[in-house]
1. Taking amide H positions as placed in the peptide plane 1.01 Å from N, state which residues far from H69 in sequence (5 or more) or on other chains have amide H under 5 Å from it.
2. Taking H placed 1.01 Å from N in the peptide plane, check which residues at least 5 places from L156 or on another chain put their amide H under 5 Å from its amide H.
3. Given the peptides 112-118, 64-70, arrange them by the average over their residues of other C-beta atoms within 10 Å, most packed first.
4. Over its Cα atoms, what ratio of radius of gyration to 2.2 N^0.38 Å does segment 106-166 give?
5. Any idea how far the Cα center of segment 1-60 sits from the one of segment 102-119, in Å?
6. Going highest first, how would you order 162-170, 136-144, 119-127 by mean Cβ packing within 10 Å?
7. Amide H of R34 versus every other amide H placed in the peptide plane: which residues, excluding those fewer than 5 positions away on the same chain, fall under 5 Å?
8. Roughly how compact is segment 34-139, stated as its Cα Rg over 2.2 N^0.38 Å to two decimals?
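The values are calculated or read from the model by the stated rules, or taken from the named source; none is laboratory data. The structure displayed is predicted, hence computed values, not measured ones. Using ideal geometry, Cβ is built from the backbone for each residue, glycine included, and neighbour counts are taken over all protein chains shown. These accessible areas exclude ligands, DNA and RNA; they are computed on the full protein's heavy atoms, side chains included. Shrake-Rupley method; radii C 1.70, N 1.55, O 1.52, S 1.80 Å.
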Amino acid sequence: MTKLEPTVVIVPGLRDHVEDHWQTLLAVQLDRVRTVPPPEHDKLNLTARIDALDTVLSDIAGPVTLIAHSAGVMITVQWAQNPTRHIVGALLAAPADVEVPFPAGYPQVAELEENGWLPIPRGRLPFPSIVACSANDPLGDRRRIAGMAESWGSRLVNLGNVGHLNPASGYGSWPQAATLLAELTGSTFTAESQEIGL
């Protein structure tokens, strides 16, 4: 019997659809992939975000891996407190530390707390995970992110100075995502790109 490849579920952060974001670019290269859409209402509400993830997961038969970025990491970690299904593994890239003030233009701590984002869970995740951390992320101090990774039982990968690993930081495709994903699942995902060689 052939082993069924996991479906990859992509969990974006609070951004709207961005064509040149690495998650968007990766999604078009994978055979079995779903992306969690943003809620139409209450876009900052964590419960709405968790419900959107749960809806996507409930529609998938077979194994699942998660790829989350930024606030999507926090959505994933919060969802994992009461998981509704087994997850093979999760790649958690550039977590947004919602417990400390963000730069201007981003939601602030009080607003995030009002919408259910605090506190960040610190318990061990019920699935294998890799936290890919930037050394100069304006939305997450590497030492605090390293502490979260340890609490979650995640392997920490330091990506170096990649900002928030997004187009605003000068990054589009991220081929290392496929490598880390394959490490988590024992599968042979492939993603061709030459823009960012981490």
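1. Answer set, sorted by chain and number: V11, G13, A93.
2. Those lying under 5 Å, H to H, from L156 are V131.
3. Highest to lowest by the protection proxy: 64-70, 112-118.
4. Compared with the compact-globule rule of thumb, segment 106-166 sits at 1.20.
5. Rounded to whole Å, the Cα centres lie 22 Å apart.
6. My ranking of the peptides, most packed first, is 162-170, 136-144, 119-127.
7. Long-range HN contacts for R34: V8, V9, I10.
8. Cα Rg divided by the expected 2.2 N^0.38 Å: 1.05.
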